[in-house]
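A.B. asks: What follows is a single structure, and I will ask about it in a moment.
Coordinate-derived values only; no laboratory data. In this text, all values refer to a predicted model and were calculated from it rather than measured experimentally. With ideal geometry, Cβ positions are generated from the backbone for all residues, glycine too; neighbour counts draw on all protein chains shown.
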Amino acid sequence: TVGAVAVDSEGNVAAGTSTGGLTGKRWGRIGDSPVIGAGNYADNRACGVSATGAGEFFIRLGVAHEICARMRMLGEDAKTASDHVIKELGLLGGTGGVIVTAPDGTATFAFNTPGMYRGKATSKGDRMVAIY
Amino acid sequence: KSWTLVIHGGAGSMARDKLAPEQDSAARAGLTKALEAGSTVLEKGGSAMDAVSAAIMVLEDDEHFNAGRGAVFTYKGVNELDASIMDGKTLGAGAVTGARYTKNPILLARAVMEKSPHVMLSREGADEFSREQGLEQVSPDYFATPERWRQLEELKAKKLGWYDVDLKYG
């Protein structure tokens, strides 16, 4: 699965996710990537989220929308909201992670599995590619 | 003018220290290229939607990532691609599942958002819509790579659970 979230110079947020799904999937199985609110969500009032991991858990928890809702209704920042929801995912037995950006330019990650391939760039000149 | 772009290339159980050097460098090269593509759009004042599309297309074209070319195989040995995109300004959203002929599934998801009244299209219908929108079409074997085929064969030979294999290969 691959994903990107961005906030542009007008403060608009967007999120995108694309995947081949699970190796050996059967019966037309669909994970979280194409499910708006589970593996992908964007809302200028909160943040943009793209997820990767065990899709069934992300769908049941509504991870991407849950992070935006926590920011919007509880006033949490992107890192706090993301950490909380990924922790809850883990308690359900799910693995994976999210990338998040917000209109204020916040860029954060939250995940509970090693081997996440990530990158970040900002207008301030940040350029980071990492494999955790 | 300030902007931010964050990308991911998936998550697997394979920690960094277990990756083969060429896997590591290939993943980093792909991520760097995707960051450049998205950053170029934003530096020119382009929209977040265009930046996200540009970055993801690079990773879809890169066979080292499980999306577009280089996607994993289904149990029946075909590639079925899923994608979604969402605009935080309008809450407009588009998604496709089980697409088999569109070179860049993220563009198909975006076409669903911008050119249809729907949010999600699937399988033959998504493929039909893609043709109607004039998106670049490829034959199914464009997505196929020997490494992903080997992973499927390993799954079938060892009858591993789907999660086992996916978690291992990301």
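A.B. asks: If the convex hull of the alpha-carbon atoms of segment B:78-148 is projected onto planes in all directions, what is the mean projected area in square nanometres?
C.D. replies: Numbers: hull surface 19.1 nm².
Mean orientational projected area (segment B:78-148, Cα hull): 4.8 nm².
A.B. asks: Continuing with this model, one more query. To the nearest whole percent, what portion of all C-alpha pairs in the protein assembly as shown is separated by more than 37 angstrom? All intermediate terms of the calculation are to be shown ahead of the outcome.
C.D. replies: Working: 2674 of 45451 pairs.
Considering the protein assembly as shown, 6 percent of its Cα-Cα pairs are separated by more than 37 Å.
A.B. asks: Evaluate the relative contact order of segment B:17-82 (contact order divided by residue number), counting alpha-carbon pairs under 8 angstrom at least 6 apart; express in whole percent. Don't skip to the end; give the middle numbers.
C.D. replies: Numbers: 64 pairs, mean separation 15.1, N = 66.
Across segment B:17-82, relative contact order equals 23 percent.
A.B. asks: Here's a follow-up. So what is the orientation-averaged projected area of chain A, using the convex hull of its C-alpha atoms, in nm²? Before the final figure, lay out each step's value.
C.D. replies: On the way: hull surface 31.1 nm².
So the Cα hull casts an average projection of 7.8 nm².
A.B. asks: Cα convex hull of segment B:40-111: how many Å³ per residue? If you can, show how the numbers build up before the last one.
C.D. replies: Working: hull volume 6.1 nm³, N = 72.
Taking only Cα atoms, segment B:40-111 has a hull volume of 85 Å³ per residue.
A.B. asks: Quick check on chain B: what are the equivalent-ellipsoid semi-axes from the Cα gyration tensor, as sqrt(5λ), descending, whole Å? Present the calculation step by step, with values, prior to reporting the outcome.
C.D. replies: Working: eigenvalues 149, 98, 33 Å².
For chain B, the semi-axes come out at 27, 22, 13 Å.
A.B. asks: Can you tell me which aspartates and glutamates have their Cα less than 19 Å from the Cα of B:LYS156? Leave out same-chain residues fewer than eight positions away.
C.D. replies: Leaving aside aspartates and glutamates fewer than 8 places away in the same chain, those within reach of B:LYS156 are B:GLU80, B:GLU147, B:ASP164, B:ASP166.
A.B. asks: With an 8 Å Cα cut-off and a minimum separation of 6 or more residues, compute the relative contact order for segment B:1-150 in percent.
C.D. replies: Working: 243 pairs, mean separation 27.0, N = 150.
It rounds to 18 percent for segment B:1-150.
A.B. asks: Follow-up. Let me check the size of segment B:1-84 from its C-alpha atoms; what are the radius of gyration and Dmax in Å?
C.D. replies: 14.4, 49
A.B. asks: Another question about this same structure. Taking only Cα atoms, what is the 0 to 90° angle, nearest 10, from helix A:78-92's long axis to the longest principal axis of chain A?
C.D. replies: 10 degrees
A.B. asks: From the P(r) of segment A:81-128, could you give the percentage of C-alpha pairs in the tail past 14 Å?
C.D. replies: Numbers: 619 of 1128 pairs.
Value for segment A:81-128: 55 percent of Cα pairs lie more than 14 Å apart.
A.B. asks: Still on this model: B:LEU91 label point, 7 Å along Cα→Cβ, cut-off 18 Å on backbone N: hits in segment A:94-132?
C.D. replies: The answer is A:103, whose backbone nitrogens lie closer than 18 Å to the label point.
A.B. asks: Next question, about the same structure. Treating only the Cβ of Lys, Arg, Asp and Glu as charged (+1, +1, -1, -1), what charge dipole size does segment A:1-69 show about its Cα centre? Round to the nearest 20 debye.
C.D. replies: Working: 5 positive and 6 negative charges, 83 e Å.
Magnitude of the dipole: close to 400 debye.
A.B. asks: Follow-up question, since we're still on this one. If we count other beta carbons within 10 Å of each Cβ, what is the order of A:TRP27, B:TRP149, B:TRP3, fewest first?
C.D. replies: Numbers: A:TRP27 7, B:TRP149 13, B:TRP3 26.
In order of increasing Cβ crowding within 10 Å: A:TRP27, B:TRP149, B:TRP3.
A.B. asks: What pairs from A:LYS25/A:LYS79; A:LYS124/B:LYS44; A:LYS120/B:LYS115; A:LYS124/B:LYS115 go past 24 Å between their alpha carbons? List each step's numbers first, then the result.
C.D. replies: Details: A:LYS25/A:LYS79 32 Å; A:LYS124/B:LYS44 14 Å; A:LYS120/B:LYS115 30 Å; A:LYS124/B:LYS115 35 Å.
From A:LYS25/A:LYS79; A:LYS124/B:LYS44; A:LYS120/B:LYS115; A:LYS124/B:LYS115, over 24 Å: A:LYS25/A:LYS79; A:LYS120/B:LYS115; A:LYS124/B:LYS115.
A.B. asks: Now for a different question. Give the span of segment A:41-84's Cα atoms along each principal axis, as three whole-Å numbers ordered largest to smallest.
C.D. replies: Computed over the Cα atoms, the extents are 27, 19, 14 Å.
A.B. asks: Counting other beta carbons within 10 Å of each Cβ, put A:PHE111, B:PHE129 in order, fewest first. Can you show the working numbers first?
C.D. replies: Details: A:PHE111 24, B:PHE129 20.
Least to most surrounded, the residues fall as B:PHE129, A:PHE111.
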